[in-house]
1. Go through the stretch 1-109 and tell me which strands (runs of 3 or more DSSP E), entirely inside it, have 2 or more residues that are at pLDDT 80 or above, in contact with a Phe, Trp or Tyr (Cβ under 6 Å, 6 or more places away or on another chain) and of a type outside the set (S, T, N, Q).
2. Residue 76 passes all but one of (1) crowded, with 19+ Cβ neighbours inside 10 Å; (2) closer than 13 Å to residue 195 by Cα; which number fails?
3. Count, please, the residues in the stretch 164-188 that happen to be over 26 Å from residue 55 (Cα atoms) and at pLDDT 95 or above.
4. Can you tell me which condition residue 119 does not meet? The list is (1) at pLDDT 90 or above; (2) on the phi < 0 side of the Ramachandran plot; (3) touching a Phe, Trp or Tyr at 6+ places or on another chain (Cβ under 8 Å), and all the others hold.
5. Cβ-Cβ under 8 Å, sequence separation 6+ or interchain: first residue in the stretch 178-198 and aromatic (Phe, Trp, Tyr), partner assigned to a loop (DSSP other than H, G, I, E, B) and surrounded by 10 or more Cβ atoms within 10 Å (Cβ to Cβ). Which pairs?
6. Mind listing whichever residues of the stretch 118-149 are assigned to a strand (DSSP E or B) and under 24 Å from residue 34 (Cβ atoms)?
7. Which one is surrounded by the most Cβ atoms within 10 Å (Cβ to Cβ), of the residues in the stretch 116-136 that are farther than 23 Å from residue 55 by Cβ and among the aliphatic types (A, V, I, L, M)?
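The values are calculated or read from the model by the stated rules, or taken from the named source; none is laboratory data. Predicted model, so just to flag it, every value in this text is computed and none were measured. With ideal geometry, Cβ positions are generated from the backbone for all residues, glycine too; neighbour counts draw on all protein chains shown.
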Amino acid sequence: MKKLIALSALMIVVLVGCTPNYPNELAVYDFDTALVQYELNGQTEGDATLYMRGDQKALYKSVRVAGVEKNTLDLDLGEKAYAVDMDKATASELPSTDYETLKGMSAEEQNKYLVKKALGIKNSADDPQPATTKTVAGQECDLYIVPNIGTACIWNGIVLEKEINIADVTNQMVATRVETNVAIQDEKFEIPANVILK
């Protein structure tokens, strides 16, 4: 029996030792990896998938606006960020100011910052308060109302549902699947080989 217990303990140590450990300065995320799939409706239709791994985010979008299809990738690698036009196979490097700002904050401050960013509110403004909570794709999120603009439901600083109504135009983004601590391929966080960096 003692041998069986010792063997079980050794297997747990080995398995824990094999768990990937990704660089993560953002304490607001209490998971190593996440995958969020979205459906987009309104004037902009299509779908999107957000991959997260430590400090890194990759948002793949395939949308149709006025009958024109567009495929993009927003790649945030922490200290560097890129906007990739998958159709034209070109990419531009962008300033990654959020990462540097968030690094010096506590998890609570990070969450407030991300909520304000998602709602389009200046960081210097008062902290918004959720109107209620809602369950989206199996996750409980805080529902915020922005007068004359729309609503957003936010979970761990991540938008799970957003509806914008401006000038009689409505666009909606809703998460249909959320998974955490799942295996994600390395190439999801890389600029595709055929893409030219401008």
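1. Numbers: elements: 33-42, 44-53, 56-65, 68-76, 81-85, 90-94.
Fully inside the stretch 1-109 and qualifying: 44-53, 68-76, 90-94.
2. (2)
3. Count: 1.
4. (1)
5. 189/77
6. Step one: list which residues in the stretch 118-149 are assigned to a strand (DSSP E or B), which gives 132-136, 139-146.
Correct list: 132, 133, 134, 135, 136, 139, 140, 141, 142, 143, 144.
7. Filtering the stretch 116-136 for residues that are farther than 23 Å from residue 55 by Cβ and among the aliphatic types (A, V, I, L, M), the one surrounded by the most Cβ atoms within 10 Å (Cβ to Cβ) comes out as 136.
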